[in-house]
Amino acid sequence: MKLNNINIGIIGLGHIGSRLYKEILSKKRDIKLKTGKDINIIALSAKNFNKKRNINFNKNIFYKNPLDVAKNSKIDVIFELIGYANGISKRVVETALKNKKHVITANKALIAKNGDYLSLLAEKNNVNLEFEASVGGGMPILRTLKDGLSTNKIHKVVGILNGTCNYILSEMEISKNSFKNVLKRAQSLGYAEPRNPKFDLNGYDTLAKVRILSALAFNKKISKNNCLMNGIEDIELDDIKMADKLEYRIKLLGITEIVKDRLFERVHPCLIKKENYIANINGVMNAVILDGVPVGQSVVQGEGAGPGPTSSALMSDLISILRGNIKYPFGMPFNKRKKISSFDKNQYINSLYLRFVVKDKPGVLSSITKIFAKNKISIRNLIQNPDRKNNIASIIIITHQNLEKNYNNLFKNLSKNKFIIKKPIFIRIENV
């Protein structure tokens, strides 16, 4: 970037956009010292002009239509902070790139779904598409993959990638409170969406980040595979307590790896031994473990969400652009990144923790263990906790390793058992 005066447009003025606006204004001098560039915010756009915000701005730079910002010939860099996977978010980024503007976004849904197409547009127009803030907030995991470990052959990535879920699971263990109550607390603290937190809780948010990490780690196109995905909504305090007794912790992990030359992406709660590093990442913190050659195992850790960490990552992308670094969005040219076949998730081998609530009467246990035997699944540990007062019992089973497809058959058969009162809880046991 040769110009010394750089004009910026910010589209989206929620918590992130408002924080970024203030960060840019307060750090103009530092940015000039580090890049030699004078920066000016000359355009803002948001859905509602009249919404109360903790920023003051000149109304003359406010645009009702965000596409007018993306087309503005005076603007050099666009921040897209709307947050949709398609729709106006996609149109804004697409328009800006076609008009030869650099784009910075925190939108993981957009990149996971349309990143390949948008990266090709950026390459054709010789501009940057930067999205460090889309994964891990202020944790520089994408730049680590693109730059710091660019010559390493990465074969596995494991991470805690959702601060909301990590906070809930950690707080349930510490406070001995229910999922429902801890979720309410997370919402009151701003860690979870107040109206609809389902995309955090069901694993979708983490899966979008896993797809981005896969593309960068393995130099492939973004996968559209049907992945193994489970959230944390069914986990109860009883599971947290039992995990503790068994010297485990429960974490929602996003995992991507190459298995037999195929891509295996998955998101699900895991039982992890307490002494494991990632089992001790608590609260809203994120952490990613990268396994590669020759570097071995590397860990990147930091706050994964919120206006502060996210604006930090956005500013990092801005500094990179201002220094004149025109880079491939995914670390290598679009036409060099190939598609990769998906590993058959039914062939995944793992151990399971299962918890059943059953009627407390003779013959119940034998009826359940017969179903396990029928599906060729052997039991490693079995614990019974009777509740005499309510004539029910809790049965905890940990299996030896078996195929995912056998577990699926097991669940189908268990659903027909008349003694099981409610749907069994299952959590995969992971050796990280």
Next item on the list: Project the alpha carbons of region 53-126 onto their principal axes and report the range along each, largest first, in whole Å.
Entry: 36, 25, 16
Notebook entry, point to check: Which order do peptides 39-46, 369-376 fall in by mean Cβ count within 10 Å, highest first?
Noted result: 39-46, 369-376
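Provide, as a two-decimal number, the C-alpha radius of gyration of region 118-177 over 2.2 N^0.38 Å, N being how many residues it has.
Working: Rg = 16.9 Å, N = 60, 2.2 N^0.38 = 10.4 Å.
So region 118-177 has a normalised radius of gyration of 1.62.
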Checklist line | Centre separation in Å (Cα based) which lies between region 368-432 and region 53-94 | finding: 52 Å
Next item on the list: Fewest Cβ neighbours within 10 Å first, please rank K389, K90, K405 accordingly.
Entry: K389, K405, K90
Notebook entry, point to check: Name the residues of region 51-68 whose amide N is less than 15 Å from a point 7 angstrom out from the Cα of Y84 along the C-beta direction?
Noted result: 65-68
Next item on the list: With springs only between Cα atoms under 10 Å apart, run a GNM on the chain and tell me which of R91, R19, R143 wobbles the most.
Entry: R91
Next item on the list: For region 189-286, run through the trypsin sites (Lys or Arg not before Pro) and keep only the ones in DSSP coil with at most 15 other Cβ atoms within 10 Å of their Cβ.
Entry: R195, K224, K260, K274
Next item on the list: Provide Rg over Rh for the chain; use the alpha carbon set for both Rg and the Kirkwood Rh (inverse mean inverse pair distance).
Entry: 1.03
Next item on the list: First measure r as the distance between the Cβ atoms of D234 and L25, then evaluate 1/(1 + (r/R0)^6) with R0 = 60 Å and state the FRET efficiency to the nearest 0.05.
Entry: 0.85
Checklist line | Among I395, S415, I379 the positive-end extreme of the charge dipole of region 345-429 (Cβ point charges) | finding: S415
Item checked: Backbone HN-Hα couplings from phi across region 154-163 [Karplus 6.51/-1.76/1.60, Hz, Gly and Pro as x] -> 8, 10, 7, 10, 10, x, 8, 10, 10, x
Check: Once phi is turned into θ = phi - 60°, what whole-Hz ³J(HN,Hα) does the Karplus curve with 6.51, -1.76 and 1.60 give for every residue of region 101-108, x standing for Gly and Pro?
Finding: 10, 5, 10, 10, 9, 10, 8, 5
Check: HN-Hα J couplings of region 330-340 from phi, Karplus 6.51/-1.76/1.60, θ = phi - 60°, integer Hz, Gly and Pro as x?
Finding: 10, x, 8, x, 3, 6, 9, 8, 9, 6, 10
Checklist line | Simple Cβ-charge dipole of the chain, Lys/Arg +1 and Asp/Glu -1, about Cα centre, in debye nearest 20 | finding: 940 debye
Item checked: Cα Rg over Rh - region 5-134, Kirkwood -> 0.94
Check: Taking amide hydrogens as modeled 1.01 Å from N in the peptide plane, which residues meet the under 5 Å criterion relative to G304, leaving out close sequence neighbours?
Finding: N286
Check: Pulled fully out, how much extra length does the chain show between Y328 and S175, if you take 0.36 nm times their separation in residues and subtract their Cα-Cα distance?
Finding: 50.5 nm
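If packing is taken as the average number of other Cβ atoms within 10 Å across a peptide's residues, how do 161-168, 348-355 rank, most packed first?
Numbers: 161-168: 26.9, 348-355: 17.9.
Result, highest mean Cβ count within 10 Å first: 161-168, 348-355.
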Notebook entry, point to check: Per residue of the chain, what 222 nm ellipticity follows from adding -39500 (n - 2.57) for every DSSP H run with n ≥ 4, rounded to the nearest 500?
Noted result: -10000 deg cm²/dmol
Checklist line | Length gained when the stretch N280-V259 is fully extended (0.36 nm per residue, less Cα-Cα span) | finding: 4.9 nm
Item checked: Sequence ranges 285-291, 185-191, 60-66, ranked by mean other-Cβ count within 10 angstrom, highest first -> 285-291, 185-191, 60-66
Notebook entry, point to check: What's the Kirkwood radius of region 114-153 in Å, using all Cα pairs?
Noted result: 11.4 Å
Next item on the list: Please report the orientation-averaged projected area of region 165-238, defined via the convex hull of its C-alpha atoms, in nm².
Entry: 6.0 nm²
Check: N417 to K361: extension gain in nm, 0.36 nm per residue of separation minus the Cα-Cα distance?
Finding: 18.8 nm
Check: Rounded to the nearest 0.05, what FRET efficiency do K59 and S341 have when you use their Cβ-Cβ distance and R0 = 51 Å?
Finding: 0.45
Note to self: Counting C-alpha atoms alone, how compact is region 141-302: give Rg to one decimal and Dmax as a whole number, in angstrom.
What the structure shows: 15.9, 46
Notebook entry, point to check: What are the semi-axes of the equivalent ellipsoid for region 345-429, taken as the square roots of 5 times the Cα gyration tensor eigenvalues, largest first, in whole Å?
Noted result: 23, 12, 11
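Magnitude of the Cβ-charge dipole of region 5-134, K/R +1 and D/E -1, about the Cα centre, nearest 20 debye?
Values: 24 positive and 11 negative charges, 103 e Å.
Taking the Cα centre of region 5-134 as origin, the dipole is about 500 debye.
Every number in this text was worked out from the coordinates using simple rules, so none of it is lab data. Just so it is clear, the model here is predicted, and its values are computed rather than measured. Reconstructed Cβ throughout: ideal geometry from the backbone, glycine too, with neighbour counts over all protein chains shown.
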